[in-house]
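Beneath this line is the structure, given in structure tokens, with notes to follow.
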Amino acid sequence: MERITKDEAITLENNKEYYVVEIVEQDEKRYLYLVKEEEADVIVAEEIIEGEEIIIETLDDIEKIKEIVKIVTERLNKN
Amino acid sequence: MDSKYNKSAEQLARQKKQRMRVIKRRKTVGVITTTAVVIALSVGMAFMALDAWDREYDAHQQMLAEYRAENYRPEISQEEKERANIQYYEDHYSPETIDNLKGSIINEYGILIDAIVENEKLQVNTDVEALDSDRLDDAIDEYGHFKATCEKDQVNYATASEEVRIDKAMSLYNSKIDVLEDQLLEAQQKAKYLEPDSSEFLENKEIIENITRKIKSADTAIDVVGDRMVTMDFEKRQAEEGKQK
């Protein structure tokens, strides 16, 4: 299964399409920073491979969300 | 910051765990759109501002509680308390200045301290049995810095007015805490990326414990100085009342 990359737009089962703006790899996990343009919506989620499917699981650990947002914002600020 | 980004940041802070399958993928042409990047950055910055505000608010509440506990005196009027609180909000709202709260609030009441005497009492007399060799070294080192600071500024610490000594001592303690807190934050961040129980992790853990101990030591020194200031203010008021009579 090909992992999700930064230059992709993914559609979830709720039929919403998100841009993958950044990916943060930590502790053998991949966290996606996803943006939905129309609603200026951002979610932080972990990418999980299950068989032939890719699942994304949104984070509810506020400390982890803070950590990921900080990393992503720093990266985007540098660009 | 645009309110829609603030709203998105608040939603992000409250997001719940949810699993969803990816049902479709498409490559974007070259790079992600500028709009998406702007949203990503704006929401990220709004989110971090929320976080900074939360931390600032927590620090504010803690310092306010400490101030109230340390400075509670029945003879202070409600008006004075309100004025001090307003002053606090106005002057000490940013994280950089919160550390100076105790010094400036106490100055608000025009209280004086003798930092050197209190420092000696704390580090050498009162607490001598509890001091291990490291802490004693720290205390001597700290006292040396204090004297060096006074000498550099051509202040004779032994004969300087209490106001000058207060100012130097509070400034020294506050800047010391600033530096230590920066070091602590750095070590805590580093700990997140180290393998638990690895030698580097344990070494970092020891560094965190040492810094925490030093911060507590400096905090204690400020507390003692604060207590002394309250006493001196009381004595000063009594003396003034005595003169009036």
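Where a number appears in this text, it was derived from the coordinates with a stated rule and is not lab data. On a predicted model such as this, the values are computed, not experimentally measured, just so you know. Positions of Cβ are backbone-derived with ideal geometry, glycine not excepted, and every protein chain shown enters the neighbour counts.
Take each residue in A:29-42, count the other chain C-beta atoms within 10 Å of its C-beta, and the mean is 5.
Here the sum of -39500 (n - 2.57) over DSSP H runs of 4 or more residues, divided by the residues of chain A, equals -7000 deg cm²/dmol at 222 nm, to the nearest 500. Full extension of the segment from residue B:25 to residue B:178, taken as 0.36 nm per residue of separation minus the current Cα-Cα distance, would add 50.2 nm. In a GNM of chain A with a 10 Å cut-off on Cα contacts, which of A:60, A:41, A:27 has the highest mean-square fluctuation? Ranking A:60, A:41, A:27 by mean-square fluctuation puts A:27 first.
The fewest-to-most ranking of A:44, B:37 by surrounding Cβ atoms within 10 Å reads B:37, A:44.
Here is the link list: A:70/B:205; A:78/B:176; A:6/B:190; B:176/B:205. Which ones come out longer than 29 Å on Cα distance? Correct reply: A:78/B:176. Compared with the alpha-carbon gap, the fully stretched path from residue A:26 to residue A:50 is longer by 6.8 nm at 0.36 nm per residue.
With K and R counted +1 and D and E -1, the other residues having a Cβ less than 11 Å from that of residue B:201 yield a net charge of -2. Projected label points at residue B:33 and residue A:37, each 7 Å from Cα along the beta carbon direction, are separated by 0.1 nanometres.
Annotation: the residues B:198, B:8, sorted from fewest to most other C-beta atoms within 10 Å of their own C-beta, follow the order B:198, B:8.
Taking one equal scatterer on every alpha-carbon of region A:9-78, how large is log10 of I(q)/I(0) by Debye at q = 0.20, 0.25 1/Å? Ignoring solvent entirely, the Cα scatterers give -0.86, -1.27.
Across peptide A:17-27, the mean count of Cβ atoms from other chains lying within 10 Å of each residue's own Cβ comes to 3. Per-residue shielding of A:1-14, expressed as the average number of other chain Cβ atoms within 10 Å of the residue Cβ, stands at 4. Here residue B:195 and residue A:57 are evaluated by their C-beta separation; at R0 = 35 Å the FRET efficiency comes out at 0.90. Taking label points 7 Å from Cα along the Cα-to-Cβ direction, residue B:206 and residue B:16 give a separation of 4.7 nm.
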